[in-house]
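> Let me give you the structure first, and then I'll get to my questions.
The values are calculated or read from the model by the stated rules, or taken from the named source; none is laboratory data. Predicted, not measured: the structure shown is a model, and the values here were computed from it. A quick note on method: Cβ atoms are made from the backbone with ideal geometry, for glycine too, and the neighbour counts reach across all protein chains shown. For accessibility, only protein heavy atoms count, side chains too; no ligands or nucleic acids. Shrake-Rupley method; radii C 1.70, N 1.55, O 1.52, S 1.80 Å.
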2 protein chains.
Amino acid sequence: MPLDVVSEQRAFGGTQWVFQHVAPSVSCTMTFALFEPPAAERGPVPIVLWLSGLTCTHENFMTKAGAQRVAAELGIALLMPDTSPRGDGVPDDPDGGYDFGLGAGFYVDATEPPFDRHYRMRRYVEQDLPAALAERSSLDWQRLGVSGHSMGGHGALTLALREPDRYRSVSAFAPIANPMDCPWGQKALMGYLGGERDAWREYDACELVRRGARHEALLIDQGDADPFLEEQLKPDALLAAADHAGLAIELRRRPGYDHSYFYVASFIDEHLRWHAAHLT
Amino acid sequence: MPLDVVSEQRAFGGTQWVFQHVAPSVSCTMTFALFEPPAAERGPVPIVLWLSGLTCTHENFMTKAGAQRVAAELGIALLMPDTSPRGDGVPDDPDGGYDFGLGAGFYVDATEPPFDRHYRMRRYVEQDLPAALAERSSLDWQRLGVSGHSMGGHGALTLALREPDRYRSVSAFAPIANPMDCPWGQKALMGYLGGERDAWREYDACELVRRGARHEALLIDQGDADPFLEEQLKPDALLAAADHAGLAIELRRRPGYDHSYFYVASFIDEHLRWHAAHLT
């Protein structure tokens with residue numbers, strides 16, 4: 001499938017791209033962003049896939065995180081997909097919520113009508129996105145890390161715990177760490193997957209760890225003034241599951257930081273350097 | 001006048017504030033942003049006033065430029081006002097343009113009805129904003145620099161050329177350098193000040209330089225892929241005026257960069273270090 005260039009802009013000596021393509025897994029046209037650092041002109045560079053949170057598009061991280069600066073310095077590409085299918089005919093939350101439907105794909109493959117036709121964001125991220133860029137010689141898919149924020153932190157953790165050899169490093173800012181046990185996650189998993197909770201388990205980082213999933217380079221980040229910490233995010237549940245399973249997970253707590261992009265921007269430099277240490 | 005706190009968020013070890021206040025010069029409630037670096041907890045810090053461009057609010061630079069990181073490192077506060085009066089009863093462009101009225105105050109004091117009641121953004125920036133923060137002991141108004149982008153670059157240049165002792169350093173990204181001789185500027189100056197061109201001259205950097213204005217720390221920045229360069233921005237007119245007047249102006253040209261915040265973000269680090277060298 002061809003990639004259409006939506007925009008191409010110089011940034012930090014590299015190039016900030018926005019592309020569109022027809023994506024078979026989600027049966028619609030998808031938009032995503034790619035930052036190529038200056039080093040990409042000389043040969044393939046490692047990739048950090050960034051998964052955004054509720055209400056976001058490809059644009060939020062691209063414009064608000066300030067990540068291109070350090071990615072340019074480190075010679076890492078940033079790949080930033082949208083958070084849900086979009087367009088005419090894509091069903092939204094019937095209740096009009098921000099936490100389901102458009103902007104809230106939760107990186108699952110929906111099985112429940114009417115969402116099963118378009119809401120296959122897991123497959124989109126795992127298959128369509130690499131396929132769309134397969135011929136781009138600047139990108140080294142053998143050196144792939146994943147990171148994300150909130151719902152996207154959940155996406156990063158579950159993708160990497162299911163395929164630790166494919167995603168060589170995973171970090172998550174304020175992830176929804178135990179979606180089966182929080183209101184955001186339960187609404188999404190019920191809506192996309194139906195009431196059979198066994199089907200939810202591969203989309204819950206705690207459950208994956210309990211069932212033996214492992215990752216050697218896994219970093220969690222959490223602000224302690226995050227208003228969603230107790231009810232929605234629950235990093236301590238993941239720490240407990242990991243502890244019980246004998247898995248080492250590093251949690252960096254940030255005193256006074258909330259859930260916003262000011263928080264992400266404050267620590268993205270640290271995360272990208274950590275990814276680079278695992279990818280380069 | 002009291003300041004109302006709209007939001008207070010931790011960022012880069014400092015605090016990102018958004019405030020509202022009733023501003024007498026513009027006869028309305030104004031919103032502005034202030035970033036205080038960690039050093040502000042220990043004593044007064046220098047200030048860089050940032051003036052934004054057409055269509056912006058206090059928010060664009062705050063969320064898109066990534067400036068807090070280096071401001072935190074350098075111990076500089078960032079002060080980010082809105083670009084026009086706002087609210088019920090504030091007249092907008094009768095033609096609905098983005099380049100006049102709301103979001104387009106041009107940092108002038110309007111004299112033409114119906115704009116003369118609210119559109120006094122020069123006085124707002126020069127008087128109301130410092131007055132609103134006068135009792136804030138974290139800020140050192142004796143060490144004040146000014147920067148801005150596009151319309152805000154014009155604002156920064158004209159403020160600093162009129163009062164070089166007050167603004168000890170001035171830098172401008174892609175400024176509207178000769179508003180009397182470009183469509184954006186002519187529309188704004190005609191609309192706010194009327195047809196008597198003599199009244200326009202104190203709002204045109206080229207005219208100020210021709211009339212003897214001087215500044216010892218003045219830096220211009222310009223991307224050479226900026227689509228507004230030839231018709232609207234005209235930095236070469238300012239260079240020519242400065243050359244004729246015997247004034248040294250440094251212009252840093254950026255190959256391949258456009259007019260966006262990716263361009264601003266790419267070089268804000270360099271600008272703030274330049275300001276710091278003059279302010280600290």
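> Going by the structure shown, is residue B:115 within 23 Å of residue B:178 (Cα to Cα), among the aromatic types (Phe, Trp, Tyr), out of contact with any Lys or Arg (no Cβ under 9 Å at 6 or more places or on another chain) and buried (at least 19 other Cβ atoms within 10 Å of the Cβ)?
yes
> Give the number of residues within region B:58-74 that are buried (at least 24 other Cβ atoms within 10 Å of the Cβ), more than 9 Å from every other protein chain (Cβ to nearest Cβ) and farther than 20 Å from residue B:107 by Cβ.
1
> Any chance region B:254-270 includes a residue that's open to solvent by 40 Å² or more (accessible area, probe 1.4 Å), touching a residue at least 40 places away in the same chain (Cβ under 8 Å) and either among the aromatic types (Phe, Trp, Tyr) or in contact with a helix residue (DSSP H, G or I) (Cβ under 8 Å, 6 or more places away or on another chain) (or both)?
no
> Is there a residue being more than 12 Å from residue B:107 (Cβ to Cβ), among the aliphatic types (A, V, I, L, M) and more than 15 Å from the chain's Cα centre (by Cα) anywhere in region B:172-185?
Scanning region B:172-185, I find at least one residue that is more than 12 Å from residue B:107 (Cβ to Cβ), among the aliphatic types (A, V, I, L, M) and more than 15 Å from the chain's Cα centre (by Cα), so the answer is yes.
> Please list, ordered by residue number, the helices (runs of 4 or more DSSP H) wholly in region B:171-266 having 2 or more residues that are of a type in the set (Asp, Glu).
On the way: elements: B:183-193, B:205-210, B:235-245.
Counting at least 2 such residues, we get B:235-245.
> While we're here: Could you count how many residues in region B:171-218 are closer than 22 Å to residue B:231 by Cβ, in contact (Cβ under 8 Å) with a residue 40 or more places away in the chain and surrounded by fewer than 17 Cβ atoms within 10 Å (Cβ to Cβ)?
Within region B:171-218, residues that are closer than 22 Å to residue B:231 by Cβ, in contact (Cβ under 8 Å) with a residue 40 or more places away in the chain and surrounded by fewer than 17 Cβ atoms within 10 Å (Cβ to Cβ) number 2.
> Taking the options B:79, B:34, name whichever one is more than 14 Å from chain A (Cβ to nearest Cβ) and in contact (Cβ under 8 Å) with a residue 12 or more places away in the chain.
Values: B:34 fails: more than 14 Å from chain A (Cβ to nearest Cβ).
Going through B:79, B:34 in turn, just one is more than 14 Å from chain A (Cβ to nearest Cβ) and in contact (Cβ under 8 Å) with a residue 12 or more places away in the chain: B:79.
> Which residues, counting only those in region B:18-51, are assigned to a strand (DSSP E or B) and hydroxyl-bearing (Ser, Thr, Tyr)?
Of region B:18-51, the ones assigned to a strand (DSSP E or B) are B:18-23, B:28-36, B:45-51.
Scanning region B:18-51 gives B:29, B:31.
> Residues of region A:119-128 being touching a strand residue (DSSP E or B) at 6+ places or on another chain (Cβ under 7 Å) and either open to solvent by 10 Å² or more (accessible area, probe 1.4 Å) or among the aliphatic types (A, V, I, L, M) (or both), which ones?
Correct list: A:120, A:122, A:123, A:125, A:128.
> While we're looking at this one, here's another question. Does region B:198-209 contain any residue that is at pLDDT 95 or above, closer than 29 Å to residue B:274 by Cα and either of a type in the set (Ser, Thr, Tyr) or in contact with a Phe, Trp or Tyr (Cβ under 8 Å, 6 or more places away or on another chain) (or both)? Lay out the reasoning, then the answer.
In the first step, residues of region B:198-209 are kept if they are at pLDDT 95 or above; the result is B:198-209.
From what's left, closer than 29 Å to residue B:274 by Cα: B:201-209.
Checking which are either of a type in the set (Ser, Thr, Tyr) or in contact with a Phe, Trp or Tyr (Cβ under 8 Å, 6 or more places away or on another chain) (or both) leaves us with B:203, B:207.
Yes, region B:198-209 contains at least one residue that is at pLDDT 95 or above, closer than 29 Å to residue B:274 by Cα and either of a type in the set (Ser, Thr, Tyr) or in contact with a Phe, Trp or Tyr (Cβ under 8 Å, 6 or more places away or on another chain) (or both).
> Among the residues that make up region B:35-47, is at least one of them of a type in the set (Asp, Glu) and within 27 Å of residue B:184 (Cα to Cα)?
no
> Moving on. Do you know which of the residues in region B:1-17 that are part of a loop (DSSP other than H, G, I, E, B) and of a type in the set (A, V, I, L, M, F, W, C) is nearest to the other protein chains (Cβ to nearest Cβ)?
B:12
> Scan (1) at pLDDT below 95; (2) over 19 Å from residue A:30 (Cα atoms) for the single condition residue A:178 breaks and write down its number.
(1)
> In region B:241-259, how many are within 27 Å of residue B:201 (Cβ to Cβ) and within 14 Å of another protein chain (Cβ to nearest Cβ)?
Qualifying residue count for the region: 1.
> Continuing with the same structure: Working carefully through the options B:221, B:226, find the one that is surrounded by 15 or more Cβ atoms within 10 Å (Cβ to Cβ), touching a His at 6+ places or on another chain (Cβ under 6 Å), within 16 Å of residue B:172 (Cβ to Cβ) and within 14 Å of another protein chain (Cβ to nearest Cβ). Don't jump to the end; show me each part of the working.
On the way: B:221 fails: touching a His at 6+ places or on another chain (Cβ under 6 Å).
Checking each option against the conditions leaves just B:226.
> Here's a follow-up. Pick from region A:271-280 the residues that are loosely packed, with under 15 Cβ neighbours inside 10 Å and either outside any loop (DSSP other than H, G, I, E, B) or touching a His at 6+ places or on another chain (Cβ under 8 Å) (or both): which of them is nearest to the other protein chains (Cβ to nearest Cβ)? Outline the logic, then answer.
Residues of region A:271-280 loosely packed, with under 15 Cβ neighbours inside 10 Å: A:273, A:277, A:280.
In the following step, the residues that additionally are either outside any loop (DSSP other than H, G, I, E, B) or touching a His at 6+ places or on another chain (Cβ under 8 Å) (or both) were identified as A:273, A:277.
Details: A:273: 14, A:277: 20 Å.
That would be A:273.
> So residue A:1 fits all but one of (1) touching a helix residue (DSSP H, G or I) at 6+ places or on another chain (Cβ under 8 Å); (2) at pLDDT 95 or above; what number is the exception?
(2)
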